[in-house]
Amino acid sequence: MRFKANAALFLVALIWGASFITQDIAAQYHFAYLFNSASFLLGGLVLLPFAPRKHKIPREQWKWMFVAGIVLFFASTLQQVGIFYTQIANAGFLTSLYIVFIPFILWLSFRERPHWVDALSVGMAIIGAYLLSTAGIGFQIQLGDGLEILGAVFWGMHVVILGKFATKYEPISFASGQFLITGVITLFLGLVLEEPAQFLVPPIILAAIYRGLLAVGIGYTLQVWSQNYIPSTSAGLILSLESVFAALFAWIILGQNLLPIQIAGCVVILLAVLFSQFKKHFTTSYK
């Protein structure tokens, strides 16, 4: 079962990497809230028929679905708005920083103290993010990259919530519930802050359908299921491959390129993510 869960998460990383292209399409039309709303509502509604009909959702599950939906709202909104101001490759690699943040979120929330390797990984990630965002010129992180980094904190929180709480409940109903909560929140904000009439154009509709059915409906559901068999940190490592796929698709489809020093930043970030997962091979820890 562990092998199937790993394979499922690899597929999720591929789907999510390609999904960045759909987010770039929405960003070109300056849509964030309505696009996310359409994606999450579609994903949630598609899953509803597959949830056990006789399954009664306990009160605790409602609570954690709501918490997961709120965190997912902040993560997805920061990521989508960040794409307004940065390239897909930047968004993908900076989002992958969530795997570096997970040990510290576990420390602050559940008193699971991080390994010294985690602290070193954070230092590497900061250097990589600096090179990627600034190309080594100046000390000001670009707006879009800053939003992606902040969003990565919420993505890390989301992975932790799924690993700690979603695994206790029926996965389809939990996944559908959190999607619908996120979708309703973003729909309200989208109707207030954006122009719904301008949203109904073929490129955005097709992008929302892909993201809703595959990235949200299938991707996040496979994530919830897989984390029943894989620890949060290990799941995050596999999911972080979405950054590689995002950069690859951006290069092939959108023709987006990075400067050599920015590529070096991506390599440092990827090394930080990988290094943070091999702490079991080191004997020294804070524990």
Original post:
Can you pull out the helices (runs of 4 or more DSSP H) entirely within the stretch 174-229 that have at least 2 residues that are surrounded by fewer than 19 Cβ atoms within 10 Å (Cβ to Cβ)?
Top reply: 196-199, 202-210
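Search the stretch 238-257 for residues being in a loop (DSSP other than H, G, I, E, B) and among the polar types (S, T, N, Q), and hand back the single one that is nearest to the chain's Cα centre (by Cα). Break it down stepwise before answering.
Here is the first cut: in the stretch 238-257, the residues in a loop (DSSP other than H, G, I, E, B) are 240-241, 255-257.
Next cut, among the polar types (S, T, N, Q) only: 240, 256-257.
Numbers: SER240: 9, GLN256: 21, ASN257: 22 Å.
If we take residues in the stretch 238-257 being in a loop (DSSP other than H, G, I, E, B) and among the polar types (S, T, N, Q), then SER240 is nearest to the chain's Cα centre (by Cα).
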**OP:** Give the residues of the stretch 101-147 that are at pLDDT below 80 and of a type in the set (Val, Ile, Thr), sorted by residue number.
**Re:** VAL117, VAL122, ILE126, THR134, ILE137, ILE141
Original post:
Would you call ASN6 surrounded by fewer than 24 Cβ atoms within 10 Å (Cβ to Cβ), at negative phi, in contact (Cβ under 8 Å) with a residue 24 or more places away in the chain and part of a helix (DSSP H, G or I)?
Top reply: yes
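Determine, yes or no, whether ILE161 is surrounded by fewer than 24 Cβ atoms within 10 Å (Cβ to Cβ), of a type in the set (A, V, I, L, M) and in contact (Cβ under 8 Å) with a residue 60 or more places away in the chain. Before you say what the answer is, go through the steps one by one.
Values: surrounded by fewer than 24 Cβ atoms within 10 Å (Cβ to Cβ): yes; of a type in the set (A, V, I, L, M): yes; in contact (Cβ under 8 Å) with a residue 60 or more places away in the chain: yes.
It is true that ILE161 is surrounded by fewer than 24 Cβ atoms within 10 Å (Cβ to Cβ), of a type in the set (A, V, I, L, M) and in contact (Cβ under 8 Å) with a residue 60 or more places away in the chain.
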Original post:
Residue check, ASN90 against (1) under 14 Å from SER173 (Cα atoms); (2) surrounded by 19 or more Cβ atoms within 10 Å (Cβ to Cβ), all met but one. Which one?
Top reply: (1)
Original post:
Restricting the search to the stretch 38-63, which residues are within 23 Å of THR186 (Cα to Cα), surrounded by 15 or more Cβ atoms within 10 Å (Cβ to Cβ) and not aromatic (Phe, Trp, Tyr)?
Top reply: ALA38, SER39, LEU41, LEU42, GLY43, GLY44, LEU45, VAL46, LEU47, GLN61
**OP:** Report the residue count in the stretch 2-48 for those that are in contact with a Lys or Arg (Cβ under 9 Å, 6 or more places away or on another chain), within 22 Å of GLY177 (Cα to Cα) and of a type in the set (Gly, Ala, Ser).
**Re:** 4
Subject >> Search result, residues across the stretch 34-72 that are of a type in the set (Phe, Trp, Tyr) and either closer than 21 Å to GLY156 by Cβ or assigned to a loop (DSSP other than H, G, I, E, B) (or both) >> reply: PHE40, TRP64, PHE66
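The values are calculated or read from the model by the stated rules, or taken from the named source; none is laboratory data. A quick note: this is a predicted structure, and the numbers were derived from the prediction, not measured. With ideal geometry, Cβ positions are generated from the backbone for all residues, glycine too; neighbour counts draw on all protein chains shown.
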